[in-house]
Amino acid sequence: TKRVAIFLSGGGSNMRALVEDMTGDHPARPCLVFSNRADAGGIAWARDRGIPTEVVDHRPFKGDRPAFEAEISARIAPHGPDIICLAGFMRQLTGGFTDLWTGRMINIHPSLLPKYKGLHTHARVLEAGDALHGCTVHEVTAALDDGPILGQATLKVAEGDTPDTLAARVLKLEHRLYPAVLRRFVAGDRTPVLIEG
Ligand code: GAR
């Protein structure tokens, strides 16, 4: 059974979708929920369910990302993760960390990569007038929102969509896409998952 650590900074709805899928005959189990924020909703949810949690606040490190990442490594190591899933983890990781996890760390991003890396993806889709939007799960490399694509889910942008309506619809797709990709990834299958929402 593979051990999965999930990193988040907020509500953790993607983490919940992953955890709820990792039961029964699933070849992985959650071993840790990690956050840079003690008040992240996902930390409370995990703790209530008896899933181990760890928090390393990034702020005292004052931008010393290697020191922040060394502390993350020290705190996750005792939990023995085989795979890290970033799920709304809002700190950029340097090559010093990502290189330790090459081929073993994946991320979900709310756009159809390679379009719209970074923040404010939904507003940027509307500004560009795109007909299609969605989300992507990819392997994490040192470059932001880059790395081999493991799955995408698409939706059609509708008349009257706002950044908020798009965010809500994309998030629902994320909850379908991420567990589907993780199942394949755990089995060593990197064939992209494609979902039309
Ligand atoms: C999700 O939409 C995720 O794709 C996005 O943050 C949200 C987290 O929601 N991630 C990023 O923007 C990463 N740069 P959640 O906490 O409910 O899973």
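Kindly provide the set of residues from the stretch 80-104 that are within 16 Å of the ligand (Cβ to nearest atom), more than 14 Å from the chain's Cα centre (by Cα) and assigned to a loop (DSSP other than H, G, I, E, B), ordered by number. Selection gives THR94 alone.
Look at the stretch 146-166: where a residue is closer than 15 Å to VAL181 by Cα and open to solvent by 70 Å² or more (accessible area, probe 1.4 Å), no partner that is among the charged types (D, E, K, R) and part of a loop (DSSP other than H, G, I, E, B) sits 6+ places away or on another chain with Cβ atoms under 6 Å. All conditions but one from (1) farther than 24 Å from CYS31 by Cα; (2) open to solvent by less than 30 Å² (accessible area, probe 1.4 Å) apply to PHE185; the one that does not is (1).
Take the residues of the stretch 114-133 that are of a type in the set (A, V, I, L, M) and more than 11 Å from the ligand (Cβ to nearest atom): which is least open to solvent (accessible area, probe 1.4 Å)? Give the derivation first.
Narrowing the stretch 114-133 to residues of a type in the set (A, V, I, L, M): 119, 123, 125-126, 128, 131-132.
Filter again for more than 11 Å from the ligand (Cβ to nearest atom), leaving 123, 125-126, 128, 131-132.
Numbers: ALA123: 33, VAL125: 2, LEU126: 56, ALA128: 61, ALA131: 74, LEU132: 88 Å².
Taking the candidates together, the pick is VAL125.
Among the residues of the stretch 80-104, the ones that are open to solvent by 10 Å² or more (accessible area, probe 1.4 Å) and hydroxyl-bearing (Ser, Thr, Tyr) come to 2 in all.
Kindly evaluate VAL4 against the criterion of being within 13 Å of the ligand (Cβ to nearest atom) and in contact (Cβ under 8 Å) with a residue 24 or more places away in the chain. So VAL4 fails the test.
Every residue, every condition in (1) in a loop (DSSP other than H, G, I, E, B); (2) surrounded by 22 or more Cβ atoms within 10 Å (Cβ to Cβ); (3) not β-branched (Val, Ile, Thr), yes or no:
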position	(1), (2), (3)
ALA67	no, no, yes
GLU71	no, no, yes
PRO78	no, no, yes
ILE106	no, yes, no
CYS135	no, yes, yes
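For the stretch 31-64, residues that are within 14 Å of the ligand (Cβ to nearest atom) and buried (at least 20 other Cβ atoms within 10 Å of the Cβ) total 7. Taken over the stretch 21-42, the residue count meeting the criterion of being assigned to a helix (DSSP H, G or I) and more than 13 Å from MET90 (Cβ to Cβ) is 2.
The values are calculated or read from the model by the stated rules, or taken from the named source; none is laboratory data. Only a predicted model underlies this, so the values are computations on that prediction, with no experimental measurement involved. Cβ: placed from backbone, ideal geometry, glycine included. Neighbour counts: every protein chain shown. All accessible areas refer to the heavy atoms of the entire protein, side chains included, with ligands and DNA or RNA removed. Shrake-Rupley method; radii C 1.70, N 1.55, O 1.52, S 1.80 Å.
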